[in-house]
1. Using the crude model of +1 on Lys and Arg Cβ and -1 on Asp and Glu Cβ, and no other charge, please compute the dipole size for the chain relative to its Cα centre, in debye to 20.
2. In whole angstrom, how long is each semi-axis of the equivalent ellipsoid of the chain, when you take the square root of 5 times every eigenvalue of its Cα gyration tensor and sort them from largest down?
3. Nearest 10 degrees, 0 to 90: what angle lies between the long axis of helix 2-103 and the longest principal axis of the chain (Cα atoms)?
4. How many lysine pairs in the stretch 1-96, separated by 8 or more positions in sequence or lying on different chains, have Cα atoms less than 19 Å apart?
5. As I understand it, the dipole of the stretch 37-99 uses +1 on the Cβ of Lys and Arg and -1 on the Cβ of Asp and Glu, about the Cα centre. Which of Val53, Met77, Gly89 lies farthest toward its positive end?
6. Kindly provide the helix-only [θ] at 222 nm of the chain, computed as the sum of -39,500 (n - 2.57) over DSSP H runs of four or more divided by all residues, to the nearest 500 deg cm²/dmol?
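Laboratory data are not the source of any read-out in this text; all were calculated from the coordinates shown. Keep in mind the model is a prediction, meaning the values are calculated, not measured. Please note: Cβ atoms are built from the backbone with ideal geometry, for glycine as well, and neighbour counts cover all protein chains shown.
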Amino acid sequence: MAIIGIVLGVVAIGLFIWLRKEQQMDSDLHSIEVDHIHQGMNALMNDFNHYQVETDRKIAELEKIIKKNQLDQNRRMDKAQKELPSIIGRIAGQIEFAQDKINR
């Protein structure tokens with residue numbers, strides 16, 4: 001009976017050591033996987049930050065272009081408003097001159 005007890009004790013110790021080794025190996029694999037996930041998340045965060053900075057830069061550039069175009073459009077409108085009386089005068093003069101020729 002003592003021999004069976006010793007054999008069972010050795011088997012139990014062997015199983016305990018084997019299970020402990022398996023647990024350690026699983027823990028190491030899990031740790032490596034968590035490290036890879038952490039690296040992936042950091043890379044994703046860096047890409048997203050780069051995208052945000054690039055998008056903000058493009059938005060600022062587009063705002064500058066819009067403001068420039070708006071100023072150019074305002075200048076053209078002011079110029080047209082200043083020239084409008086002279087244009088109307090020329091057209092009215094041509095109409096009056098044409099009526100003089102028709103009446104003759």
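1. On the way: 14 positive and 15 negative charges, 232 e Å.
Roughly 1120 debye for the chain.
2. 97, 12, 5
3. Rounded to the nearest ten degrees, it is 0.
4. Values: Lys58/Lys67; Lys58/Lys68; Lys67/Lys79; Lys68/Lys79.
Step by step, the pairs that qualify in the stretch 1-96 add up to 4.
5. Final value for the positive-end residue is Gly89.
6. Numbers: 1 runs with 102 residues, N = 104.
Mean residue ellipticity, 222 nm, calculated: -38000 deg cm²/dmol.
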